[in-house]
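Read through the structure below, which is laid out as structure tokens, and then see the notes.
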Amino acid sequence: RRELLDPFPAVIAPFLAVLASPHAHAPVLHAAAAALARLVAQGGLARGDASASAASTTIVEAVVGRLGRAELGGGALASVDVFEPLAQRLLLLLVQLRHALTPPVLAAAVCAALDAACAESASPAMGVCAEGALLQLTRAAFGRLRTPSADEEVEELLLEMLGSLLGTLGSKAAHCPAALEAVSAAMHAGGPALGTHAHLVAPLRSCVLPALCEAARGSGGSSALAASLRAFAHCVAEHRRVLRAPIGVYWESVLLGSAGSTSERVELLLECVHSLLLLRGLVGFLWVHYDCTLGRCDLCEATVHLLTTHAMPRADGGALGSSCPLAL
């Protein structure tokens, strides 16, 4: 078997031809995808040499192309029951190869998984599979920021790709829970490096944070609010010095906009405020950059007023809720 795997192109060519064929029936497509998955699982493509890398790229390009076909792609990804298990197998194949891909091919894989995860017609099982693939591929893509390449051209290509990818995720985060979770995964995987490159800061300012704000104020319920708050808290912790304006907008419209909210929403907001105020130097940062500037929005003062309001006993003498101890 190892001898057969040396000439990668010759071994995988028949299976790729099946995936590319417009006439292949579902059982044949399943067999081809299963064979490719077995070839990947046995470890031959993990060697890291030029032949293995080229084969991995070729396989992923074929898989992404098949997922983009009318019978598998876009909003109709899971519209036909017979193709849904095939789509799941193809997505798992992308995950298997995520560490061996060039930046453009990895970006294409993330976008394919994103389309699958945001498909309105997907069944619950398909949605779980697609979201899992999306999160793993997103972590693999943005995790590469932690190991910069010595080649400046390669590094520039990676940054451009990740910036475009952030914009794509942000454009869907307001209405797709999977994209919102992927944004949070990207921020944690990229770490502080996300705030040090212009290619990445620009989409964070113009696309991601506005989408987080929209998701928090939308109709997605507590889960969307919690995911939005997690991503926002990471922005404040890691990138507040380069994202002052959009952070101020989010803080004022979401964290301070609890009037008339349900008790569950108020608790989530207060928990987020509590975790943020534990960050070293954040209160001083708010005071200097928002309360003491010419275009002041007095975030520090407004935050103190919010906490004071929720810490006070109820005017009607009713039982204290959980928001009171949180505010205190």
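The values are calculated or read from the model by the stated rules, or taken from the named source; none is laboratory data. Please read these numbers as outputs of a predicted model, since none were measured by experiment. Using ideal geometry, Cβ is built from the backbone for each residue, glycine included, and neighbour counts are taken over all protein chains shown. With ligands, DNA and RNA removed, areas are computed over all heavy atoms of the protein, side chains included. Shrake-Rupley method; radii C 1.70, N 1.55, O 1.52, S 1.80 Å.
Taking a span of 15 Å or more along the helix axis (Cα atoms) and a mean Kyte-Doolittle hydropathy of at least 1.6 as the rule, the DSSP H helices of the chain that qualify are 8-20, 103-117. Summing charges over neighbours of TYR290, with a neighbour being any other residue whose Cβ is under 12 Å away from its Cβ, gives -1 when K and R count +1 and D and E count -1. The order of HIS99, HIS274, HIS234 by accessible area, most exposed first and with a 1.4 Å probe, is HIS99, HIS274, HIS234. For ALA17 and THR196, the FRET efficiency from 1/(1 + (r/R0)^6), where r spans their Cβ atoms and R0 equals 41 Å, is about 0.40. Counting every pair of alpha carbons in region 175-295, the share spaced more than 20 Å apart comes to 41 percent. What's the magnitude of the charge dipole for the chain around its Cα centre, counting Lys and Arg as +1 and Asp and Glu as -1 at the beta-carbon? Answer in Debye, nearest 20. That gives the chain a dipole magnitude of about 360 debye. Exposure here means at most 16 other Cβ atoms within 10 Å; with trypsin sites (Lys or Arg not before Pro) in a DSSP loop as sites, the longest stretch of the chain lacking them is 70-240. Look at where the Cα atoms of region 108-124 and of region 141-174 average out, and the two centres are 20 Å apart.
A cut-off under 14 angstrom between Cβ atoms defines the neighbours of SER228, and their net charge, with Lys, Arg +1 and Asp, Glu -1, is +1.
Using 0.36 nm per residue and subtracting the Cα-Cα separation, the extra length available between LEU279 and ALA34 on full extension is 83.3 nm.
Structure remark: mean-square fluctuation, Gaussian network model of the chain, C-alpha springs under 10 Å; the largest value among THR138, THR262, THR168 belongs to THR262. If you bin all the Cα-Cα distances of region 129-241 at 5 Å, starting from zero, the percentages per bin are 2, 13, 24, 26, 19, 10, 4, 1, 0, 0.
When restricted to Cα atoms, region 151-215 yields an Rg and a Dmax of 11.6, 38 Å, respectively.
Surface composition of the chain: carbon and sulfur atoms hold 59% of the protein heavy-atom accessible area at a 1.4 Å probe.
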